[in-house]
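Visitor: Structure below; questions to follow.
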There are 2 protein chains.
Amino acid sequence: MNDNIKTIDGGICAVYGVEAGGIREGKYGVCIISFPETMATGVFTTNKIMAAPVKHTKSIMENNIISAIIANSGNANCFTGSQGEEDCQDMINHLSNKLNINKNEIAIASTGVIGRKMPMKIMYKLIDDLKLENSNEASTNSAKAIMTTDTVPKEYAVEITLKNGEKVKIGAIAKGTGMIAPNMATLLCFISTDAKIEDKKLLKDSLKMAVDKSFNMLVVDGDESTNDEVILVTTKKVDVRYNDGLDPKFQDGLEYLCIQLAKMMARDGEGATKFLEVKVNGAKSYEDAKTIAKSVISSSLVKAAIFGGDPNWGRIVAAVGYCGVDFNPDNISIAISNNEEKVYLVKNSEILGFEGTVNLKDAEEIMKNNEINILIDLHLANGTANAFGCDLTYDYVKINAEYTT
Amino acid sequence: MNDNIKTIDGGICAVYGVEAGGIREGKYGVCIISFPETMATGVFTTNKIMAAPVKHTKSIMENNIISAIIANSGNANCFTGSQGEEDCQDMINHLSNKLNINKNEIAIASTGVIGRKMPMKIMYKLIDDLKLENSNEASTNSAKAIMTTDTVPKEYAVEITLKNGEKVKIGAIAKGTGMIAPNMATLLCFISTDAKIEDKKLLKDSLKMAVDKSFNMLVVDGDESTNDEVILVTTKKVDVRYNDGLDPKFQDGLEYLCIQLAKMMARDGEGATKFLEVKVNGAKSYEDAKTIAKSVISSSLVKAAIFGGDPNWGRIVAAVGYCGVDFNPDNISIAISNNEEKVYLVKNSEILGFEGTVNLKDAEEIMKNNEINILIDLHLANGTANAFGCDLTYDYVKINAEYTT
């Protein structure tokens, strides 16, 4: 944890001038967030089947100006054809009238069932009933409104001290628990900041890098939703430039915030009982480290072993081996840890975790924790990456098998 | 099914001159197969962590001559350093003395726990006790000796009528049930044929193509073993040349045999209750079709839906969408079938499987079968591929969580 980053209250409303609200009725929910004069950017699903709201928001985002975001839960408005596009536009028009803002400055996101028509009557009613304000409660309500199979609302905020001593805030709400019933759980994250970043490319790159290190390193079951959206909106108050780029403290803070939210999603993963973090060091490059970390955290065998409390380094080694990254099989180290103790199972390819050894018994003790780290060192160079996930449990199968279309 | 392919008895011993035997003691087993004058080829795991026996067999295979195969279960002899290589060589030397054959013509394979020393005393004893013969029973015993978490021995044999009317036989034993405890289940397959194929490249390509369409399209949990080996040994009796290549009837027969064995493995998948086949048509290329079929059959969400009897086309569509292959989202068809009936859930991107429709009810009936096909048509070109797998069940999690190193 960086001394320049302080966790604060308020979620997406931690930033001055940002107003939010959330409301639910039965399985449907709507959240609305409004922003003063802004500059915005977004990162979207790469699934070829892209929901109508994602298509719309991507096109709106070309102007980089977002005055409001509307998001609904209960229906993904995906695979809904021209009807879905019309519904999307109708929701935006309705909100545009309500808030008296330009409809071309409204981003939209949806999460829920695929291939069903939007229940527009309910949507209109929820939009009409919703009140916006800048408060902690408003942020929490908006986070609650977009939950599907999430069991807890997800929000976070930080205050960052820049290199020049000035302070800048970043706040967010999010939802996501892996790809789950109904049909699959979208990852949505809306981020506000009072930072001033006028260069569109810098803004986009900043968000992209933060997403790469957080949500893109989160694996619950490997399926990718048709509806994922991460939106960053700046209210342009605090200059965060530094030389030709952004103040690295700002970038650190944004990444820290996104990682906290990604970890919340992992902990809230489908049927998860344990949080798992895979930390890879010593890879030839950042890309290599990412590939290995994601291979290990995606392995059904590793995930099932974590559930069973089994320090099964054989499965870890195999998942490193099949991901296609070049490394030296004769010099790899694998350890597991909780946040206090660390036990090597394999050190420089020497196996310490044999059946019946002290090492294996110590490792089994660590595996009883709810938060487990797998540490992998390839001893090649400085490439490093962390991935976030959870165990594979009976409940994962139960939840996903018992949902009926 | 092709009229030119007839299923016959005898497994790997269906081919004249091939002798086999298998023996088990506790969790260990040894199978030995011997061949008259031969020409051989192999396909091996691409896992960077490669077990000692795989490395050895790969190097032996450069001469394309194999007089015998020895395979053991219970210990994978993987991640065992120079000791593992010595043990490998010692087993080969022991067999070389027993059968009085050149030790450079002995292939070796192992399956079982990773990172444990080979129990050489037991290995020597089992090799000594083993008797070889050409019989149905000998083939079955050898298939039994290499089982780990397999619940049934796997063998198959076919007789193929070539274009010129001549007959050629192919027989095989195999093991594999997905990557499972202990540590992971290797895929092993040993194939004999009386075909005469003197061109090394033709022989290798023939096996590679058959493996691509069968074992490489088999997904139980997506983890790839460190020990996979498929070996094809020819006894050089029946000429199967045709113009510049091989008689396509021979290739059809080899692929058919490998697909039958891959399907047996899918049916025997970890905790599986249902066999699943994904058939993709209309893709731009064979490669595209393969990628889509494997994406759908690998999806934990699709696999859990199959277990739950849920015709969840939303998850299927999503898995098609995120695999990276180019297609037209506005023209895709998805149907499910057993071997008699077929129900469209999506036809030319029109959704027929809405909640409460007759289509969905019919589809739910089909989902009650033990063998389910998912049919996907992209309506673009002629690329086609099939993938084989199974459902994701409580028992999969149970088996993989409860095994302790």
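The numbers here are math on the coordinates, done by the rules we state, and not lab data. Please read all numbers here as calculations on a predicted model, not as lab measurements. Here the Cβ is made from the backbone with ideal geometry for all residues, glycine too, and neighbour counts use every protein chain on show.
Visitor: What percent does the relative contact order of the range A:275-402 come to when contacts are Cα pairs within less than 8 Å and at least six residues apart? Intermediate values should be presented prior to the final figure.
Guide: Values: 257 pairs, mean separation 57.4, N = 128.
Computed value for the range A:275-402: 45 percent relative contact order.
Visitor: What nm distances, shortest first, do you get from the label point of A:ILE101 to those in the other copies when the point sits 7 angstrom along Cα to Cβ?
Guide: Nearest first, the other copies' label points are 7.7 nm away.
Visitor: Hey, for A:VAL152 with labels 7 Å out along Cα-Cβ, what do the inter-copy distances come to in nm, ordered shortest first?
Guide: Nearest first, the other copies' label points are 4.7 nm away.
Visitor: What value in Å³ per residue do you get for the convex hull of the alpha-carbon atoms in the range B:275-402? Display every interim value, and only then the final one.
Guide: Working: hull volume 12.5 nm³, N = 128.
It comes to 98 Å³ per residue, whole-number rounded.
Visitor: Counting other Cβ atoms within 10 Å of each Cβ, which trypsin sites (Lys or Arg not before Pro) in the range A:1-90 have at most 16 and sit in a DSSP loop?
Guide: Details: sites: A:LYS6, A:ARG24, A:LYS27, A:LYS48, A:LYS55, A:LYS58; in loops: A:LYS27, A:LYS48.
Filter output for the range A:1-90: A:LYS27.
Visitor: Expected output is a single nm value to one decimal: the length gained when fully extending between B:GLU133 and B:ASN164, i.e. 0.36 nm times separation in residues minus the C-alpha distance. What is it? Intermediate results must be reported in sequence, preceding the final value.
Guide: Numbers: separation 31, 0.36 × 31 = 11.16 nm, distance 3.16 nm.
Stretched out fully, the B:GLU133 to B:ASN164 stretch lengthens by 8.0 nm.
Visitor: While we're looking at this one, here's another question. Quick one: compute the contact order of chain A, relative version, from alpha carbon pairs under 8 angstrom and 6+ residues apart, as a percent.
Guide: Numbers: 1021 pairs, mean separation 71.6, N = 405.
18 percent.
Visitor: In Å, what Rg and Dmax follow from the Cα atoms of the range B:194-349?
Guide: Reported Rg and Dmax, both Å: 18.2, 53.
Visitor: Which of A:LYS303/B:LYS213; A:LYS279/B:LYS48; B:LYS263/B:LYS361; B:LYS58/B:LYS284; A:LYS6/A:LYS103; B:LYS144/B:LYS196 have a Cα-Cα distance over 26 Å?
Guide: Values: A:LYS303/B:LYS213 29 Å; A:LYS279/B:LYS48 20 Å; B:LYS263/B:LYS361 28 Å; B:LYS58/B:LYS284 35 Å; A:LYS6/A:LYS103 36 Å; B:LYS144/B:LYS196 29 Å.
Flagged as over cut-off: A:LYS303/B:LYS213; B:LYS263/B:LYS361; B:LYS58/B:LYS284; A:LYS6/A:LYS103; B:LYS144/B:LYS196.
Visitor: Could I ask something else about it? Considering every Cα-Cα pair within the protein assembly as shown, what fraction, in whole percent, is farther apart than 55 Å?
Guide: Details: 49708 of 327645 pairs.
Cα-Cα pairs in the protein assembly as shown separated by more than 55 Å: 15 percent.
Visitor: Using only the Cα atoms of the range B:5-267, each taken as one equal point scatterer with no solvent, compute I(q) by the Debye sum, divide by I(0), and report log10 of the ratio at q = 0.08, 0.17 Å⁻¹.
Guide: Those come out to -0.27, -1.31, one per q.
Visitor: While we're looking at this one, here's another question. Grab the eigenvalues of the alpha-carbon gyration tensor for the range A:52-160, scale each by 5, take roots, and send me the semi-axes largest first in whole angstrom.
Guide: Value: 22, 18, 15 Å, ordered largest first.
Visitor: Tell me, what does the Kirkwood hydrodynamic radius of the range B:233-274 come to in angstroms if you use every pair of distinct C-alpha atoms?
Guide: Values: mean 1/r = 0.0797 Å⁻¹.
When all Cα pairs of the range B:233-274 are included, the Kirkwood radius is 12.5 Å.
Visitor: Something else: At A:GLU365, with labels set 7 Å past Cα in the Cβ direction, how many nm apart are the copies from this one, shortest first?
Guide: Counterpart label points of A:GLU365 in the remaining copies fall at 6.1 nm.
Visitor: Anyone know which of A:GLU229, A:GLU166, A:GLU270 comes out most mobile in the 10 Å Cα GNM of chain A?
Guide: A:GLU166
Visitor: Mind sorting B:TYR394, B:TYR156 by how few other Cβ atoms lie within 10 Å of their own Cβ, fewest first?
Guide: Details: B:TYR394 17, B:TYR156 28.
Ranked by crowding around the Cβ, least crowded first: B:TYR394, B:TYR156.
Visitor: Just tell me how shielded A:225-235 is by partners: mean number of partner chain Cβ atoms within 10 Å of each residue's Cβ, no decimals. Walk me through the intermediate numbers first.
Guide: Details: counts 3, 6, 1, 0, 0, 0, 0, 0, 0, 0, 0.
Going residue by residue through A:225-235 and averaging, the value is 1.
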